[in-house]
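The values are calculated or read from the model by the stated rules, or taken from the named source; none is laboratory data. In this text the structure is predicted, and so the values were computed from the model without any measurement. Neighbour counts run over all protein chains shown; Cβ positions are idealised from the backbone, glycine included. Quick note on the areas: whole protein, heavy atoms, side chains included, nothing else; ligands and nucleic acids left out. Shrake-Rupley method; radii C 1.70, N 1.55, O 1.52, S 1.80 Å.
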Amino acid sequence: MDEENFEDVERKIKRYNQGHLLDYYNNIQDENVKMKFENQLENIDFELIDSLYKKTTLPIKDENVDIEPIDYWDKERLGGKYDFYEGIGVEAIKAGKLAAVTMAGGQGTRLGHKGPKGTFDIGLDSHKSLFELLCDSLKESGRKYGVEIPWFIMTSEENNEQTKEFFRKNKFFGYEKNVHFFVQGQLPMVDTEGKILIGENGLIKEAADGHGGVYESLVKSKMVDKMKELGVEWVFIGGVDNCLVKMVDPVLMGLAIYKNVTGAGKSVVKANPHEKVGAFCKKNGRPNVIEYSEITDEMAEAKDAAGELLYGESHILCNLFRIDAIERMGSNPLPYHSAFKKATYIDKEGNKIVPDSPNAYKFEAFLFDAFGDLDDMVILRVKREEEFAPVKNAEGVDSPETARTLYNNLHKHIEIK
Ligand code: UTP
C-alpha cells in the first residue's frame, strides 16, 4: 500500500477506535505476516464493523412487517401434473442448464469435527465422506440424464486449502473436470467492547460471512460468468451437511420454469409446530423465512381448513435460482446478524487467550434474507425421509447417527424397489 493510502487507512482506524491494530501492526517482525496484516487493514470496512457492533446491543425487532403464509405444492400430491413438471425439468437438465452449488464454508462448531465438515465420515459401511456422498448423487443424476452437472463448491479462507487437499487426495472422486472451488467472504470478529480481535496466527481474526455470502461470492469470484459460459441457466444451492440432499430435481425445476419464477425452495413439513426451524412465509408480500425465534405460539400453531400448519414448511437450505436472480441478489448487500461465539485470540500483551465461554461477535448474512429480492418463489414440499438428513450435532438430533440411519433406510428402500 502506498503512503497516501496507508494514511487514509490509519485515519479510518483511529476514527473507529481500532488503534490497537496499528500498535500491533507496528510491532510485527515477520515481513510476510506484516504484508498480510496490511492487506487486511486495507480491505476491512471499519465503518460497517462499527455499525454492526453497535447493533449487537439493540433489540432485533422488525416493526411494520406483515407476515403471511406462502403457497406451496406437495410433491406427493401433484397427481397427473407430476409427469408434466418432471418432463419440463428433464428437458432443461438434459440441455445442460443446471449447475449445483454446495456451501461448505461453515465452521461446523456443533459437530466438532477437526477439518472441513464435507470431509466428515458419518459412519456408513462405505466410510464415504459427505463430499463423496454428494458427488455420488450428482454423478448418478448425470448418468440418468446423459449430462455432467458442474459442481461449484464454496469454501472459506479457513478451510479452503484443507478442502482442496482432500479432493486432490481423493482424486476428486473421478469428477475433477466438473468441480470448481470458490472462497466466500469474511468479516472481522470483535470483542464485547467492539475491538477487532487478533487471531492466533498473528493476523486480524476474521470469520466466514455466513451462508448468505454465497450470492456475492458467486458473482465476485466470476463463477456466475463461468456458469453462463457453460450454458447454465438454473443453479441449485444447498448445504454440505445434508447427506440426502437432492441437488438434481426435475420436478422442482420444471415447476419453477412452468410457473415462470426466478426462485424455488424445497421444504419438509415441521415435525411439530414448535420445531426449532425456520419456515417459509411471505414478509410484506415477498417470499421469506420466519425464524423460530420470531414466530409467536399462536402463529406456530395456526392451521388451515385442511388441518395443515400455516407456517409448517421448514426451510432446509435446498433452493434453486435462475442465474439472473443470483446476479441480482449478489449485487444487493444483505443485512448481517450477529452471533456471540467463543474465539481464541491474542491479547494486548501478546498472550494467547482461550475462552471457556462466548467472548466475541461474529457477523453473518443469511441466505434467505435475499429471497425478498424475488417477486415470487415456488415452494415444493418433499418427504423428510427422502431428502433431509442433516449432520449438525455430535450426538442426539441431527447427528451422524440420525443421518446414517436415514441414509441407510432410504438406500435399502431404493434397492428393494
Ligand atoms: P450451519 O448454519 O449449520 O453452520 O450451516 P455450520 O458451520 O455448518 O455449523 P455450526 O453452526 O458452526 O455448528 C449450514 C450450511 O451452510 C454452510 C455450512 O457449511 C453448511 O453447509 N455455511 C455456513 C457456509 O458455507 N458458510 C458460512 O459462513 C456458514
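Can you name every residue in the range 276-311 that is more than 29 Å from Thr262 (Cβ to Cβ) and open to solvent by 90 Å² or more (accessible area, probe 1.4 Å)?
Passing the criteria: Lys276, Asp297, Glu298, Glu301, Lys303, Ala305.
Could we say that Ile70 is at pLDDT 95 or above, more than 16 Å from the ligand (Cβ to nearest atom), open to solvent by less than 60 Å² (accessible area, probe 1.4 Å) and touching a Lys or Arg at 6+ places or on another chain (Cβ under 6 Å) here?
When the stated conditions are applied, Ile70 passes them.
Just checking, which of Glu216, Glu206, Glu200, Glu233 is in contact with a Pro (Cβ under 6 Å, 6 or more places away or on another chain) and open to solvent by 30 Å² or more (accessible area, probe 1.4 Å)?
Just one listed residue meets the conditions, Glu206.
Could you identify the single residue in Lys205, Lys177, Lys220, Lys171 that is of a type in the set (D, E, K, R), more than 14 Å from the ligand (Cβ to nearest atom) and under 22 Å from His127 (Cα atoms)?
Lys171
In the set Leu309, Leu317, which member is in contact with a Gly (Cβ under 7 Å, 6 or more places away or on another chain), of a type outside the set (Phe, Trp, Tyr) and either under 30 Å from Glu229 (Cα atoms) or free of Cβ contacts under 8 Å to residues at least 60 places away in the same chain (or both)?
Values: Leu309 fails: in contact with a Gly (Cβ under 7 Å, 6 or more places away or on another chain).
Residue meeting the stated conditions: Leu317.
Identify the residue in the range 103-138 that is polar (S, T, N, Q) and at pLDDT 95 or above and, among all such residues, is farthest from the ligand (Cβ to nearest atom).
Ser126
Could you tell me which residue of the range 344-367 is farthest from Thr57 (Cα to Cα), considering only residues that are over 21 Å from the mean Cα position of the chain (by Cα) and buried (at least 17 other Cβ atoms within 10 Å of the Cβ)? Working first, answer last.
Quick first cut of the range 344-367, residues over 21 Å from the mean Cα position of the chain (by Cα) only: 344-360.
So of that shortlist, the ones also buried (at least 17 other Cβ atoms within 10 Å of the Cβ) come out as 345-346, 359-360.
Details: Tyr345: 22, Ile346: 24, Asn359: 14, Ala360: 13 Å.
Going through the qualifying residues, I end up with Ile346.
Evaluate the following for Lys34: is it in contact with a Phe, Trp or Tyr (Cβ under 6 Å, 6 or more places away or on another chain) and open to solvent by less than 100 Å² (accessible area, probe 1.4 Å)? I'd like the intermediate steps shown before the answer.
Working: in contact with a Phe, Trp or Tyr (Cβ under 6 Å, 6 or more places away or on another chain): no; open to solvent by less than 100 Å² (accessible area, probe 1.4 Å): yes.
No: the conditions fail for Lys34.
Given the criteria small (Gly, Ala, Ser), modelled with pLDDT of 95 or more, loosely packed, with under 15 Cβ neighbours inside 10 Å and closer than 19 Å to Met253 by Cβ, does Ala100 qualify?
Working: small (Gly, Ala, Ser): yes; modelled with pLDDT of 95 or more: yes; loosely packed, with under 15 Cβ neighbours inside 10 Å: no; closer than 19 Å to Met253 by Cβ: yes.
No: the conditions fail for Ala100.
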